[in-house]
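Note sheet for the following structure.
No lab work stands behind these numbers, since they all come straight from the coordinates. From a predicted model like this one, the values you see are computed outputs, not experimental measurements. Positions of Cβ are backbone-derived with ideal geometry, glycine not excepted, and every protein chain shown enters the neighbour counts.
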Amino acid sequence: MLLFLAVAHAAVPGADAVWSPLQSSPVKIECTTVGTSPYCRSTGIISAPVETAVATFAALDQHVSKMGAIGKVARLEPDVLHVVMDYPFPLSDRDYVARFVKTVQEDGTTVFAWTPITHASAPEESGVVRLTWLDGEWRFAADGANTRVTYVWQSDPGGGLPDVKAVRKQAGTLAVQDIANACGAKVLGP
């Protein structure tokens with residue numbers, strides 16, 4: 001398990017990464033590069049206790065109806081999800097299959113790190129761009145009675161989009177908003 005966790009975090013930007021601001025509100029979004037891979041990080045505070053946010057994320061497949069940017073989440077194994085992101089017409093939807101590893105850091109922050117995998121129960125679908133290289137993590141930390149949510153993702157959306165910067169802004173904002181919605185909460189700010 002520890003070896004897998006090390007592999008899961010191998011590409012995610014380290015503490016020494018230099019982040020460039022992309023957006024400051026309603027969710028803070030910054031981007032950086034690891035090797036040749038672009039990564040973005042979105043951070044927002046949501047009006048839910050950290051226990052609620054962590055439990056909601058752990059049961060993400062049960063909250064799809066509350067999210068706007070996610071079309072489907074199928075639990076293939078206890079720690080494997082098939083996620084379909086709903087892109088606006090005329091763009092093709094994106095999907096990925098990932099294994100999530102949950103850890104709790106010394107300061108109490110809960111981290112769900114994920115790496116892409118291939119799974120027989122989630123074959124590629126026509127008209128959907130499969131993101132086989134995508135990895136990242138979700139972090140949930142107490143911020144008083146609220147939760148600081150940090151989402152780090154490899155930000156290559158695939159499929160040759162004309163304005164990748166706009167896609168990164170929208171993806172980062174919607175990710176935090178969708179977690180807030182799933183928790184029955186609001187985004188309070190960056």
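Determine the gain in length on full extension of the stretch residue 59-residue 166; use 0.36 nm per residue of separation and subtract their C-alpha separation, reporting nm with one decimal.
Extra length from residue 59 to residue 166 when fully extended: 35.6 nm.
Springs between alpha-carbon pairs under 10 angstrom, Gaussian network model over the chain: which of 22, 91, 76 fluctuates most?
So, out of 22, 91, 76, the one fluctuating most is 91.
Have a look at 149, 84, 27 and tell me which one the Gaussian network model of the chain (Cα, springs below 10 Å) gives the largest fluctuation.
Maximum fluctuation in the GNM of the chain, among the listed residues, is at 84.
Subtracting the Cα-Cα distance from 0.36 nm times the residue separation, let me have the gained length for residue 132 to residue 117 in nm, one decimal.
Full extension from residue 132 to residue 117 adds 4.7 nm.
Using the count of nearby Cβ atoms within 10 Å as a rough guide to exposure, how do 109, 118 rank from fewest to most?
118, 109
Per DSSP helix of 4 or more residues, -39500 (n - 2.57); summed, then divided by the residues of the chain. What does that give at 222 nm, rounded to the nearest 500?
-5500 deg cm²/dmol
In whole Å, how far is the Cα centre of the stretch 103-149 from that of the stretch 59-82?
Cα centroid to Cα centroid, the span is 11 Å.
With +1 on each Lys and Arg Cβ and -1 on each Asp and Glu Cβ, and nothing else charged, work out how big the dipole of the stretch 41-190 is about its Cα centre, in Debye to the nearest 20.
Dipole of the stretch 41-190, to the nearest 20 debye: 320 debye.
Roughly what % of DSSP beta bridges within the chain run antiparallel, to the nearest 5?
Antiparallel bridges: around 95 percent, rounded to the nearest 5.
GNM, the chain, Cα, under 10 Å: largest mean-square fluctuation among 77, 51, 106?
Of 77, 51, 106, the most mobile in the Gaussian network model is 106.
Could you tell me whether the chain comes out rounded, prolate or oblate from its Cα gyration tensor? Rule is a ≥ b ≥ c as square roots of the eigenvalues, rounded for a/c under 1.5, then prolate if a/b exceeds b/c, otherwise oblate.
rounded
What is the extension gain from residue 69 to residue 109, computed as 0.36 nm multiplied by their sequence separation minus the C-alpha to C-alpha distance, in nm to one decimal?
Length gained, residue 69 through residue 109: 11.9 nm.
Based on the Cβ-Cβ distance of residue 92 and residue 25, what FRET efficiency does E = 1/(1 + (r/R0)^6) give at R0 = 22 Å, to the nearest 0.05?
Efficiency for this residue pair is about 0.15.
In what sequence, highest mean first, do 31-43, 165-177 appear when ranked by Cβ atoms within 10 angstrom?
In decreasing order of mean packing, 31-43, 165-177 become 165-177, 31-43.
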